[in-house]
Amino acid sequence: MKKIRTEDAVGHVLCHDITRIIKDVVKDTPFRKGHIVTQEDIPVLLSLGKTHLYVWENDDTKYHENEAAEILCQICKNDYMTASPVREGKIELSADCDGLFTVDVERLNAINSLDEIMIATRHNHFPVHKGDKLLGTRVIPLVIDKSRMEEAKKIGGDTPITRLYPYLPMKCGIVTTGSEVYYGRIQDTFTPVIQKKMAEYGICISGHITVDDTMEKITNAIFQLKAQGADMIVCTGGMSVDPDDMTPGAIKATGAKIITYGAPVLPGAMFLLAYMSDGTPVMGLPGCVMYSKATVFDLVMSRIAAGIPVSRKDIVALGCGGFCLGCDTCHYPACSFGKGV
């Protein structure tokens with residue numbers, strides 16, 4: 001750094017904070033370390049008694065922290081994201097819509113392994129609402145070697161390392177199974193739960209069919225809802241190992257490809273996911289979805305609502321973090337549930 005006259009400081013980078021104190025009126029820091037001095041700043045600095053300043057010497061081999069933050073922002077920023085103004089070398093990205101936020105964790109870790117660079121994001125596969133913050137970027141020092149930023153850009157490649165998938169306009173068909181509901185012996189309390197959860201993703205209910213515990217009737221109900229234009233179908237009830245539980249077999253009888261029957265998640269171990277030949281997802285929901293605030297259904301549903309195919313590998317990966325603590329006050333998704341990957 002070097003000492004220069006304040007009048008000559010335009011375009012230079014401050015090496016130190018400058019504090020303003022007016023007794024009983026104000027105590028603040030109008031100029032912080034890293035600030036690039038402008039012509040408009042000169043009268044203010046002089047009024048604070050700063051006739052000389054310590055500034056960084058210009059160096060074509062280095063970026064100022066604000067310039068570096070812009071580079072990191074471009075490595076991350078994708079569609080449906082808004083960047084904050086750069087402040088003290090930091091930029092944050094926020095969501096422009098409701099959707100599912102994803103991170104290329106491998107590239108993120110590679111960039112964060114570089115000295116003097118950091119990108120902090122939400123968890124991968126995190127459901128967000130419009131306006132939610134997604135991530136923040138900055139470099140650690142006030143200035144950083146351009147070669148270091150070139151390394152980061154090389155790792156970033158041609159596509160941003162994060163993505164926001166907007167929820168798709170979808171229609172859901174519901175098959176309620178169980179003789180006890182079909183014959184009116186008990187009230188259907190499962191369907192209202194599904195309707196509420198679907199509304200959170202902007203998904204409308206296109207049809208609802210109630211059948212008894214007959215495999216053929218369950219299968220036919222799935223086909224009927226599909227013919228009515230359902231983009232996804234959920235089957236409630238009949239998912240355990242009781243003799244009357246026919247839902248898994250009925251879903252298989254549609255010809256849908258079973259991705260998994262069972263998931264390493266509690267609550268939700270008896271979850272079933274299948275895809276019909278045209279990609280329509282069919283889910284068999286265990287009873288826990290009816291009474292637990294967050295289950296495997298929530299972990300999978302955000303991906304399906306965003307149009308992201310779910311593989312068996314994805315289901316297996318939910319095991320790490322897939323144990324819900326059943327807190328008295330549920331904070332999902334702002335908790336550890338499902339955040340292992």
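Table for the structure above
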| item | result |
| --- | --- |
| Rounded accessible area of LEU93 (nearest 10 Å², 1.4 Å probe) | 0 |
| Environment charge of LYS153, counting only residues whose C-beta is closer than 12 Å and scoring Lys/Arg +1, Asp/Glu -1 | 0 |
| Spatially near lysine pairs across region 1-110, Cα under 29 Å, sequence gap of 8 or more or different chains | 24 |
| Long-range HN-HN contacts of LYS77 with modeled amide H, under 5 Å | none |
| For region 1-140, convex hull volume per residue from C-alpha positions, Å³ | 145 |
| Reach of LYS196 by Cα under 29 Å, taken over lysines that are not fewer than 8 positions away in the same chain | LYS130, LYS133, LYS171, LYS217, LYS226, LYS252, LYS257, LYS293, LYS313, LYS339 |
| TYR167 long-range amide H proximity, modeled H, under 5 Å | GLY99, LEU100 |
| Correct option for semi-axes √(5λ) of the Cα gyration tensor in Å [calculated from the coordinates] among (i) 32, 29, 15; (ii) 37, 21, 18; (iii) 56, 20, 16 | (iii) |
| Accessible surface, per residue, of region 244-341 when the full set of protein chains is kept, probe 1.4 Å, Å² | 43 |
| HN-Hα J in Hz across region 326-331 - Karplus 6.51, -1.76, 1.60, θ = phi - 60°, x for Gly and Pro | x, 4, 4, 10, 7, 10 |
| FRET efficiency estimate (nearest 0.05) - Cβ-Cβ, LYS27 to LYS153, R0 45 angstrom | 0.65 |
| Whole-percent carbon and sulfur share, accessible surface of region 142-253, 1.4 Å | 51 |
| GNM top mover of SER292, SER47, SER302 - the chain, alpha-carbon springs below 10 Å | SER47 |
| Residue among LEU45, LEU225, LEU299 with the largest mean-square fluctuation in a Gaussian network model of the chain, springs linking Cα atoms under 10 Å | LEU45 |
| Region 40-143, accessible area per residue, ligands and nucleic acids excluded (1.4 Å, Å²) | 51 |
| Rounded to the nearest 10 Å², the accessible area of CYS15 at probe 1.4 Å | 30 |
| Heavy-atom accessible area ranking, 1.4 Å probe, most first, across VAL181, VAL175 | VAL181, VAL175 |
| Most mobile of LYS23, LYS217, LYS293 in a GNM of the chain (Cα contacts under 10 Å) | LYS23 |
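The values are calculated or read from the model by the stated rules, or taken from the named source; none is laboratory data. All of these numbers come straight from a predicted model, not from anything done at the bench. Note that we place each Cβ from the backbone using ideal geometry, even for glycine, and neighbour counts take in every protein chain shown. Remember, those area values only see protein heavy atoms, side chains included, never the ligands or the DNA or RNA. Shrake-Rupley method; radii C 1.70, N 1.55, O 1.52, S 1.80 Å.
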